[in-house]
Amino acid sequence: MFINVRLPDGSTHRLEAMEGWRVMEVIRDWGLPIKAECGGACACATCHVWVADSWIDKLVPPTDEETEMLDGAFSVDEDRSRLSCQLIMTPELDGLEIELAPESLADVAENSPATGTSG
């Protein structure tokens, strides 16, 4: 399974993902610069992503807790914003397309490339 992640700089990365993993974990473990400060506890909004329109209906709806956390995020899109820590990989999400919201971008060293493929 794979997810396709677009960064604020416009680069796109195709990352291999395993069933049962949080999308946030996949992004972080492949070395892309996501803050994810709470580590997936749904206690912040630093893993905020925008989901491609064609994928929204395939996701489990957000919980009240996730919606509450998104209320504190910047650049929230009412339809497309999700916390990537709350998106669990399933075979139905193979090919999921997301974009990392700018405020979720972690500070990284200039020579810190992701190991996923870009295109």
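The values are calculated or read from the model by the stated rules, or taken from the named source; none is laboratory data. Note that the coordinates shown come from a computational prediction; the quantities given were computed from them, not determined experimentally. Here the Cβ positions follow ideal geometry from the backbone for every residue, glycine too, while neighbour counts run over all protein chains shown.
Key figures for this structure:
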quantity: Residues within the range 9-21 that are touching a helix residue (DSSP H, G or I) at 6+ places or on another chain (Cβ under 7 Å) and either loosely packed, with under 14 Cβ neighbours inside 10 Å or farther than 21 Å from S54 by Cβ (or both), tallied; calculated: 1
quantity: Output for the range 30-46, where each listed residue is surrounded by 15 or more Cβ atoms within 10 Å (Cβ to Cβ) and acidic (D, E); calculated: none
quantity: Of all residues in the range 68-119 being in a loop (DSSP other than H, G, I, E, B), in contact with a Phe, Trp or Tyr (Cβ under 7 Å, 6 or more places away or on another chain) and of a type in the set (D, E), the one that is modelled with the lowest pLDDT; calculated: D77
quantity: Which numbered condition K35 misses (of (1) without any contact (Cβ under 8 Å) to a residue 60 or more places away in the chain; (2) touching a Ser or Thr at 6+ places or on another chain (Cβ under 6 Å)); calculated: (1)
